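Below is one structure, written out as structure tokens; comments come after it.
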Amino acid sequence: MAAVSSPVAAQSADQGTWQIYYEPSRERIQLTFEDYENGGRRHGSTSFGVRPTELRGLPLSQLSSYSGPARFQLVRDAGTFNFEGQLRDGHGTGFFTFAPDPRFPQQLASRGYERPSAEQQYWLAMHDVGYAMIDELRAQGYDRPSVDQLVVMGMHGANLDYMKSLSTAGYRVGSTHRLVTLRDHGVSREFIGGLTGAGYKNLSLDDLQELRDHGVTPDFIAALRRFGFTDLTTGELLAARDHGVTESFVEDFRDLGYTNIGLRDFVRLRDHGVTPGFARGLRSSYGRLPSVEELIRRRDRGEY
């Protein structure tokens, strides 16, 4: 995911400093830009991962063990970032400049978009919003965004890979605004796949977003299943998660002997502030296991 701290409407920034960090175990490079406005004032910072093969002129051998000067490029449809600096054992830093591709505005115009400003073209290049992504939007029947909206999509990671990942999972969102919202809320192919594996298939986009927002994960579903709570509706899952019915909460009550109560009873106990410690104290006083109703009634009277 890209980390961004620069507004779309800021002045053009076509130079700045860079840093890279190579992670051999993942065969991934973390590339960080710090760019500047006219006069040298700090403009913003952007960081994202790239594959080693995306950096032209920087072979893998230099990334892993080389120490010394380096020059390389990151080429995008909207333009090319040119880097100069120093490398040492997988780390690097230096200065970059941006050269916009003069063909890009006309290519966008031929696809029905307005011509981008210099600032927009810079950010489209930065976030790799290029021809493949624009053509995929059309192929999947999305509404046509403005160039400004394309920039926002790139900044939020609602890019070609994300769009394709949702399509692979069976979802064509149609609205670029909704695509950005889903990306911001963490509705990923992995999340969808986890829910599908847990038996929750063909959920609506609204359901997916709500479950993600409320922290109903495949792990949470699996934890409830270990206690015998299966075939739960999405509403029951949301209620349990929202009311704080955690794995440890259920386990503590099970250890006390509450092995035959339903998930709804656990929700009620949690809502009324009945803790395992409170139940343990009453069991000791009663010499037996109090019912759920007794626990709730005594707790509602203010007993601790």
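The values are calculated or read from the model by the stated rules, or taken from the named source; none is laboratory data. This one's a predicted model, so the numbers in the text were calculated from it and none came from an experiment. Heads up, the Cβs are rebuilt from the backbone with ideal geometry, glycines too, and the neighbour counts pull from every protein chain shown. Surface accessibility is based on the protein's heavy atoms, side chains included, excluding ligands, DNA and RNA. Shrake-Rupley method; radii C 1.70, N 1.55, O 1.52, S 1.80 Å.
Quick grid of which residues meet (1) of a type in the set (G, A, S); (2) buried (at least 20 other Cβ atoms within 10 Å of the Cβ); (3) in contact (Cβ under 8 Å) with a residue 40 or more places away in the chain:
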{"site": "A78", "(1), (2), (3)": "yes, yes, yes"}
{"site": "Q86", "(1), (2), (3)": "no, no, no"}
{"site": "H91", "(1), (2), (3)": "no, no, yes"}
{"site": "S110", "(1), (2), (3)": "yes, no, no"}
{"site": "P116", "(1), (2), (3)": "no, yes, no"}
{"site": "D143", "(1), (2), (3)": "no, no, no"}
{"site": "L150", "(1), (2), (3)": "no, yes, no"}
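Remark: pairs (first residue in the range 122-137, aromatic (F, W, Y); second residue open to solvent by less than 10 Å² (accessible area, probe 1.4 Å) and part of a helix (DSSP H, G or I); Cβ separation under 7 Å; 6+ apart in sequence or on different chains) = W123/V151; W123/G154.
Summed over the range 76-117, residues that are aliphatic (A, V, I, L, M) and either closer than 17 Å to T46 by Cβ or in contact with a Phe, Trp or Tyr (Cβ under 7 Å, 6 or more places away or on another chain) (or both) total 2.
Restricting attention to the range 171-197 and to residues that are within 17 Å of the chain's Cα centre (by Cα) and among the basic types (K, R), the residue that is most open to solvent (accessible area, probe 1.4 Å) turns out to be R189.
Taking the range 269-287 as the range and being crowded, with 18+ Cβ neighbours inside 10 Å and in a loop (DSSP other than H, G, I, E, B) as the test, only V274 passes. Please indicate, with yes or no, whether at least one residue in the range 198-211 is under 24 Å from H156 (Cα atoms), of a type in the set (A, V, I, L, M, F, W, C), within 14 Å of the chain's Cα centre (by Cα) and open to solvent by less than 50 Å² (accessible area, probe 1.4 Å). Yes, because at least one residue in the range 198-211 is under 24 Å from H156 (Cα atoms), of a type in the set (A, V, I, L, M, F, W, C), within 14 Å of the chain's Cα centre (by Cα) and open to solvent by less than 50 Å² (accessible area, probe 1.4 Å). For N202, the conditions (1) touching a residue at least 12 places away in the same chain (Cβ under 8 Å); (2) touching a helix residue (DSSP H, G or I) at 6+ places or on another chain (Cβ under 8 Å); (3) not aromatic (F, W, Y) all hold with the exception of (2).
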